[in-house]
Amino acid sequence: MKATKLVGATALALLSATAAVSAQQCNAAGTVATGGSASAGGTSASSVGTAGVCQTDDGTTLSIGSGGSAASDDGKAMSKTHVNGNDDKLKAQTNAQAVDKGTFSKSRTKTSTDGQALQSTTRTMSHVPGQKPVKSTTDQKIILPQQ
């Protein structure tokens, strides 16, 4: 029986430009999310990212989350997530990769929001030596209406 190596990473951040208040309806709101997975041979990798914005009369609330995992039967697997937040911007990036000799799978998701726009992009790729790589890109972007 083979032991499969599995690695995972997740991160979540919330940034609020106002103090805690009772629930209000958003004047403008939006969410984006992308994700993807790739596999080849005994390797697989996946990643996902999501972001949300709610604009009220009292301010703007932002949220972001990202995560991923990778697995390999006989090779190496890694997954890492990094989240940055400052003022009114949030960014997250997840990279996941599995390698077994020349065969590999990888997935990367970048997600961001600045309170006015939200964007998430996921790119995946898998490759077996001697064959053409399989690639995929998923992109989603939303621009909120001006207040």
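The values are calculated or read from the model by the stated rules, or taken from the named source; none is laboratory data. None of these values were measured; they are calculated from a predicted model. In this analysis, Cβ positions are derived from the backbone assuming ideal geometry, glycine residues included, and neighbour counts consider all displayed protein chains.
Structure values in brief
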{"item": "From 28, 38, residue being at pLDDT 65 or above and buried (at least 19 other Cβ atoms within 10 Å of the Cβ)", "result": "38"}
{"item": "Residue, nearest to residue 34 (Cα to Cα), within segment 132-147, restricted to residues that are part of a loop (DSSP other than H, G, I, E, B) and either at pLDDT 95 or above or in contact with a Ser or Thr (Cβ under 8 Å, 6 or more places away or on another chain) (or both)", "result": "133"}
{"item": "Residue in segment 114-131 that is under 19 Å from residue 26 (Cα atoms), without any contact (Cβ under 8 Å) to a residue 40 or more places away in the chain and either in a strand (DSSP E or B) or hydroxyl-bearing (Ser, Thr, Tyr) (or both) present", "result": "yes"}
{"item": "All positions within segment 107-131 that are under 11 Å from residue 51 (Cα atoms), surrounded by 19 or more Cβ atoms within 10 Å (Cβ to Cβ) and at pLDDT 95 or above", "result": "110, 111, 112, 113, 118, 119, 120"}
{"item": "Enumeration of residues in segment 80-102 that are closer than 23 Å to residue 129 by Cβ and either in contact with a Phe, Trp or Tyr (Cβ under 6 Å, 6 or more places away or on another chain) or surrounded by 17 or more Cβ atoms within 10 Å (Cβ to Cβ) (or both)", "result": "95, 96, 97, 98, 99, 100"}
